[in-house]
Amino acid sequence: MTKKYIGKRIKRSEDPRLLTGEALFVDDVEIPGMLHAAFLRSDYAHAYLKSIDVSAAQAREGVVAVFTAETMGDDWQPGPPLVSPPPTVEDVIFHSRTQVPLVKDKVRHVGEPIAIVIAESRYIAEDAVDDIVVDLEPLDVVVDIEKAMQPDAPLVHDDLDSNLAAHIEQEKGDYAAIREEADLIIKRRIVIDRGAAVAMENRGIVAQWDAKSQRLTVWDTTQAPIAIRNGLAARLDLSEHQVRVIAPFIGGAFGPKMMMFYPEEMLIPWVSIKLDRPIKWIEDRYENFYATTQERGQVHEAEMALTLDGRILGVSDVFLHDSGAYDPYGLTLPLNTQCHMMGPYDIANYYSESKVVFTNKTIVTPVRGAGRPQGIFIVERLLDLAAKELGIDPVEIRKRNLIPPDAFPYEHKIIDQAFAPLIFDSGNYKPVLEKAADMIGYDRFVKDEQPRLRAEGRHVGIGIVPFIETTGVGPYEGARVTVEASGKINVATGVGTQGQGHFTSFAQIVADQLGVDVRDVHLVTGDTAEFHWGTGTFASRGSVVAANAINASAKLVREKILALASKVLEAPEDELELADGVIRVADVPRISISLGELAMLANPLRGAVEPGTEPGLEATAYFGPQYGAIAFGTHAMIVEVDPQTMMIEIKRYVAVEDCGTVINPLIVDGQIHGGVSLGIGNSYYEKLVFDENGQLLNASLMDYLIPTAAEVPRIEIGHEETRSPLNPLGSKGVGEAGAIPVPALFAQAMENALPEYDLEILEAPLSPNRLFELLREKEREL
Amino acid sequence: MRHLFDVGVTVNGNRYERTVEPRLLLSDFLRHDLGLTGTHVGCEHGVCGSCTILFDGQPVRSCLMFAVQANGHEILTVEGLGTPEDLHPLQEAFWEAHSVQCGFCTPGILMTLVPFLEENPNPNEDEIRAAISGNLCRCTGYQHIVDGVKLAAQKMSA
Amino acid sequence: MKPPPFEYYAPTTVEEALVHLSEHGYDAKALAGGQSLIPTMNFRLAQPSVLVDLNNVSELFYIRPDENGGLRLGAMTRHFQVERSSLVSERTPLIYEAMPKIATPQIRSRGTFGGSIAHADPSAELGAISIALGGRFRLRNQTGERWVPANEFFIGMFTTLLEPDELLVEASFPNMPPRTGWALQEVARRPNDFALVGVAAVVTLDKKNQCQKARIVFLSVGDGPVEAHRAAETLTGQTLTPEIIHAAAETAATADIDPGSDIHASAEYRRHLAGVLTRRALDLAFERAKGRG
């Protein structure tokens, strides 16, 4: 295999279509006779549905049908759980309660769909939604996760004894014992609040039932088209080959487009069959704030035990995790948090207890970072406070605790999100930390620059945070690589793509394996008619699991090419070379054959294919990692704050990442930029504010503040490359990394900027208003 | 039956005539009546900037106008900027600088920047960031977009 | 998020527009730039049954000098036109300076000066600035017209003296006297957002550098623009030392305003910001006044 493309900054092949508006997104699908859907959604967070009258809506001109839970009849069923409850850990409690297509008896969060209107246009459908008369009897509402666990709290699910959705304890070593030997215990209550993913494209589904061919085609903004296909077939009583799910270009996903099944995702295809008409539903931004999943809400009681010289002896943490009204995503998020609460540090004793709590809020599933930023926030905050207490430099205390490079694979003796043992496959943390410190000029800043700025009355602080990211979990992905008669290569894989550049990075792998121009490799993803085995794009796994599946199938094709070429050119395989789309005999370059010609020979129209061989230069292969690969990095930031106005400016931002083999640095850099941008939002701007009635007070992009170009600084990136031993490419994921350390980093830098206040930031996100309150409290104390 | 209005509008140099209900948003008109789906809709309340088009040469939110108001006016959408085979220099620069990830916000950003670069052929980083501050992007963290604009400025002044 | 149906009129003259407004009364809304009205309609929070579109009323688009050294703005003048006007920059530099702080470039392409004034959002810069500059608005109905000083025009949250049959057709700003300084200070979460607090200050000095007249007007701290009369009074006849300015800012923040709380800022934080920003605005306005002899 040549290395002509892997590791190179290759321009993306998908861009010309995206740049000219030619790329197909779900809302671009137009089908003659298509009808449009709108939903009646609950205005209450918690209420009994007493009655519903849709007659006026049905009578409105242009309305074709209105469905409620009742009119769905036997087709009404709660959604299947997306991730099955954990089988392997002792004493786990897990109450699976999954979302319903339309509310039947009780509303459990604002925005839950109650009825669906189908009309000639979305405008008319929305008019008709206003015609529906619904009688909801409001109930007491569970919003706050701590209050939700009180004995007298109202119940989100009446059939349970409490709002406890799940409970899981994990233990490594003996924290209770080591605590007795510690010189210092840092114990704090730390709160992380809920945010939204806010992909620029809202969700959308177009479903077309073709009664003549008895086939259903669904365009869906999903990260997991194959799983949606399989689930739809099961639910709609169709065979899998009758259902084709296409995830075309997706306008950003960030996790919530991996939820399955959203009520709408089941309903729109169901209605299409029912009415025998194509149906389109495009979520609007208002719906997106209520009906698309969210994440991050946790309350921790955390402590860290240390020696006087700053060695971490152990970490203990008990936390509540907000699941929202249902828990289709199982324990992924609290497990991720548990797996990141030791960060990159060598910690022998760990106790973690997580209680997952039902509340009357939108369902919680992963959002870029997915439980990891919370874990990193906890360990880093505790460590910062310990460093202050012990008078040790923040960089120094981290160096003293990093897992040393000879300790890998490093076993944590707890389980990860896939219920597999948490093992850090490989790593070399110190050079990454040092590089980040070097790039931001840590020593110089602390010694010279900061004292000078402080003397000028300016409040400028520095932070530095190392972190890890579990990436590339199984179970598997697959791919099929085909050499076409034109000599061009076709690659089909099952994962969807939402901006990660898969069309290009995956093509680079194949181009290197087969010695062709990267522009001659054409990739198809996200269409179950092209490839129908796989799980999806999530958990930073595309460049690990799918990429290695593609590499494996390209390798098989390479073997076929060499075997056939060897016969045709009458030369041993080891004397053949593949380059520029041609197979040559190394020493006799004029003896050669093009890939296209060879592909034709492999698929003859006459003659006999020998027994035991297959036609074509094509292969399908799969890859499933033994366990996840652990990426890591260190970010550093210099921030200036005006303690008069609470306005901030991030003056410098450094991100050093190690995600193993980098397939395309341009794309990796872009992933980091985007992740950091979300992380900045999670640090100071983005918080979903619910009132005590479960009403979201900032359900618009006017009030939910995602960073603009003015808030995101230039990000300086450094790379290290520690290959993962778990896959042939040596790659690790990087999709979520950027977002993970930022809130912890921001908190550290802000405290450092405001030394006279001796601030402790124990919450994320912070906000100008909260900072004002914290500074006021400190002023009163001082 | 509600009153319908005739709309005659020039989009990307082509003349279109349609009959519309006054409440039809210009964004929906472009996308679904004219089939120009390159203009994307991300919020319908004028914040995200995905639906930005040029209306008589000015960048506007097409979700905050009614189609009926376009009668007699000239519109440029991303489809009028370039084709995959013949990209506008700004599109060319965006490609080279990896300014695109999911590509959903991209058409709105391009349409915002076309008049900006005409007026500011040599913008600095702060000016570029201010120019696109009305366009939300969730993928790129804006950096490669800024780089793309700088590159475009170079290309266009060369 | 699709707007509800409405009847639509697109008059080409003010007179014609007034006929429609008079005929439909409270059911009708004038559609200026639509940059606040249309999103509200898309959320279906506003459901006017009639829209009278002013975008074809060409007589409402102008920026003119007035003979006394002041400025006249036709109500439909778009923000981007104001933003680029050298006349505005010369005669009302406070307005000029405020323009880039108003929403986003795309909103400024379409939004209008009169539309913003008539909408009367308490967070809008132009209302507060109009008061600080001693501006006046010309309102017309079918029977005639009246001039209303900016400081009397705003009567509550999104509420003004405009009657349903009236149209705001012009804003007029007087000549800025010599030795007058101005400043607009605001704190917003992101530069394009509505300010958590903003303050416009205009200070005129006499020959001895003492404050002859000061106007301080807040946005985002009440139901509309809020003028800090008490604070301004404390400045009159004074030499603007840092102590005097500090005290005036304190008065403005504590005695002149009664801000509310919302998800972005508590009343206490707003009050604090009002003090900080008033100080900064007065400092700057004072410096500029000294420089404009």
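The values are calculated or read from the model by the stated rules, or taken from the named source; none is laboratory data. All values reported here derive from a predicted model rather than from experimental measurement. Every residue, glycine among them, receives a Cβ derived from its backbone with ideal geometry; neighbour counts consider all protein chains shown. SASA here: full protein model, heavy atoms, side chains in, ligands and nucleic acids out. Shrake-Rupley method; radii C 1.70, N 1.55, O 1.52, S 1.80 Å.
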- Taking alpha-carbon centroids only, the stretch A:273-350 lies from the stretch A:203-243 a number of Å equal to 30
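Count, for each residue of B:126-135, the Cβ atoms from other chains sitting within 10 Å of its Cβ, then give me the mean as a whole number. Each step should come with its number before you reach the end.
Details: counts 2, 0, 1, 8, 8, 3, 5, 9, 11, 6.
So the per-residue partner count for this stretch is 5.
Compute the signed sum of charges (Lys and Arg +1, Asp and Glu -1) over the other residues within less than 12 Å, Cβ to Cβ, of residue C:187. Spell out each step's value before the answer.
Numbers: positive: C:101, C:189, C:190, C:270, C:280; negative: A:642, C:186, C:193.
That sum, taken over residues with Cβ under 12 Å, equals +2.
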- Test item: A:611-619 mean partner chain Cβ contacts at 10 Å: 0
- Item | Backbone HN-Hα couplings from phi across the stretch A:263-277 [Karplus 6.51/-1.76/1.60, Hz, Gly and Pro as x] | x, 5, 5, 8, 6, 4, x, 4, 5, 4, 5, 4, 9, 6, 9
- Query: Remind me, what semi-axes does chain C give for its equivalent ellipsoid, largest first in whole Å, using sqrt of 5 times each Cα gyration tensor eigenvalue?
  - Reply: 33, 22, 16
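Over the stretch A:282-414, calculate the relative contact order: mean separation of alpha carbon pairs under 8 Å at least 6 apart, over the residue count, as a percent.
That works out to 30 percent.
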- Task: Any chance you could check the stretch C:151-199 for residues losing 10 Å² or more of accessible area when the partner protein chains are in, compared with the chain on its own (1.4 Å probe)?
- Result: C:187, C:188, C:189, C:190, C:191, C:192, C:193, C:194
- Cα centroid separation - the stretch A:740-762 against the stretch A:560-577, whole Å: 63
- Item | Ellipsoid semi-axes in whole angstrom, largest first, where each is sqrt(5λ) of the Cα gyration tensor of the stretch C:7-53 | 19, 12, 7
- Buried area at the C-B interface (accessible, heavy atoms, 1.4 Å probe, summed, Å²): 2500
- Note on the structure: Expected output for the stretch A:702-732, residues with a loss of 50 Å² or more in accessible area relative to the chain alone at probe 1.4 Å, reads A:702, A:705, A:706, A:708, A:709, A:714
- Query: How big is the stretch B:116-158 in terms of Cα radius of gyration and Dmax, in angstroms?
  - Reply: 10.2, 31
- Item | Compactness of the stretch B:1-47, expressed as Rg and Dmax over alpha-carbon positions, Å | 11.6, 33
- Message: Probe radius 1.4 Å, ligands and nucleic acids left out: which of B:85, C:287 has the largest accessible area, and how do the rest follow?
- Response: B:85, C:287
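As a test of reading the structure, rank A:635, C:20, C:229 by solvent-accessible area (1.4 Å probe, protein chains only), most first. Mind dumping the intermediate values first?
Values: A:635 0, C:20 30, C:229 100 Å².
Ranking A:635, C:20, C:229 by accessible area, largest first, yields C:229, C:20, A:635.
Can you tell me, using C-alpha contacts under 8 Å and at least 6 residues apart, the relative contact order of the stretch B:89-157 as a whole percent? Write down the numbers at each step before the final one.
Details: 74 pairs, mean separation 39.2, N = 69.
The value is 57 percent.
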- Counting residues in the stretch A:498-546 as N, plug N into 2.2 N^0.38 Å and put the Cα Rg over that result. 1.19
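Quick one: which of A:172/A:257; A:388/A:430; A:172/A:399; A:399/A:732; A:104/A:274 span more than 26 angstrom between C-alpha atoms? Write down the numbers at each step before the final one.
On the way: A:172/A:257 34 Å; A:388/A:430 21 Å; A:172/A:399 22 Å; A:399/A:732 23 Å; A:104/A:274 20 Å.
Where the Cα-Cα span goes over 26 Å, the pairs concerned are A:172/A:257.
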- Note on the structure: Residues of the stretch C:188-210 with backbone N under 15 Å of the label point set 7 Å from the Cα of residue C:239 along Cα→Cβ are C:206-210
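For chain B, what is the percent of antiparallel DSSP beta bridges, rounded to the nearest 5? Before the final figure, lay out the partial values.
On the way: 15 of 17 bridges.
DSSP beta bridges in chain B are roughly 90 percent antiparallel.
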- Coordinate range along principal axes, alpha carbons of chain B, Å, largest first: 52, 28, 26
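How would A:732, A:3, A:8 rank on accessible area, largest to smallest, probe 1.4 Å? Present the calculation step by step, with values, prior to reporting the outcome.
Values: A:732 5, A:3 115, A:8 85 Å².
The residues order as A:3, A:8, A:732, largest area first.
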- So how exposed is residue A:532, as accessible area in Å² (1.4 Å probe, rounded to 10)? 80
- Message: Ignoring ligands, DNA and RNA, please state the percent of accessible area on the protein assembly as shown from carbon and sulfur, probe 1.4 Å.
- Response: 49
- Message: Taking the solvent-accessible surface of protein heavy atoms with a 1.4 Å probe, what is the per residue accessible area of the stretch B:89-157 in Å²?
- Response: 28
- Rounded accessible area of residue A:136 (nearest 10 Å², 1.4 Å probe): 30
- Binned at 5 Å from zero, the C-alpha pair distances of the stretch C:107-192 give percents of 3, 12, 23, 23, 18, 12, 6, 2, 1
- Whole-Hz couplings from phi, Karplus 6.51/-1.76/1.60, listed for the stretch C:11-20; x for Gly and Pro: x, 10, 10, 4, 4, 5, 4, 5, 4, 5
- Message: Once ligands and nucleic acids are excluded and a 1.4 Å probe is used, how much of residue A:533 is accessible, expressed in Å² to the nearest 10?
- Response: 130
- For the protein assembly as shown, projected area of the alpha-carbon convex hull averaged over all directions, nm²: 50.9
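How many lysine pairs are close in chain C, with Cα atoms under 28 Å apart and the two 8 or more places apart or on different chains? Show your work: numbers first, answer last.
Numbers: C:2/C:29; C:29/C:101; C:101/C:213; C:101/C:290; C:207/C:290; C:208/C:290; C:213/C:290.
Here the count comes out as 7.
Below 8 Å, C-alpha to C-alpha, sequence gap of six or more: please give me the relative contact order for the stretch C:180-291 in percent.
Working: 235 pairs, mean separation 36.0, N = 112.
That works out to 32 percent.
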- Listing of the stretch A:1-48 residues, each with accessible area lower by at least 40 Å² in the full protein assembly than in the chain alone (probe 1.4 Å): A:11, A:12, A:15, A:16, A:18, A:19, A:20, A:21, A:25, A:27, A:28, A:30
- For the pair A and B, the solvent-accessible area buried on both sides (1.4 Å probe; DNA, RNA and ligands excluded), in Å² to the nearest hundred, is 4500
- Item | Residue (of A:49, A:69, A:139) at the positive-pole extreme of the stretch A:34-168, dipole from beta-carbon charges | A:69
- Query: Stokes-Einstein at 37 °C, 0.692 mPa s, Kirkwood radius from Cα pairs: D for the stretch C:58-173 in µm² s⁻¹?
  - Reply: 234
- Sequence ranges A:165-171, A:32-38, ranked by mean other-Cβ count within 10 angstrom, highest first: A:165-171, A:32-38
- Item | Per residue accessible area in Å² of the stretch C:180-291, where ligands, DNA and RNA are left out and the probe is 1.4 Å | 38
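In whole angstrom, how long is each semi-axis of the equivalent ellipsoid of the stretch B:5-80, when you take the square root of 5 times every eigenvalue of its Cα gyration tensor and sort them from largest down?
Details: eigenvalues 57, 38, 23 Å².
For the stretch B:5-80, the ellipsoid semi-axes come out as 17, 14, 11 Å.
Ranked highest first by the average count of other Cβ atoms within 10 Å around their residues, in what order do A:215-225, A:99-109, C:253-263 fall?
Working: A:215-225: 25.9, A:99-109: 22.2, C:253-263: 17.3.
Top of the packing list down: A:215-225, A:99-109, C:253-263.
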- Message: I'd like the mean, over residues of B:56-67, of how many other protein chain beta carbons sit within 10 Å of each residue's own Cβ.
- Response: 6
- What whole-number value in Å² describes the accessible area per residue of chain A for a 1.4 Å probe? 34
- Out of the stretch A:407-483, which GluC sites (Glu not before Pro) are coil in DSSP terms and have no more than 11 other C-beta atoms within 10 Å? A:456
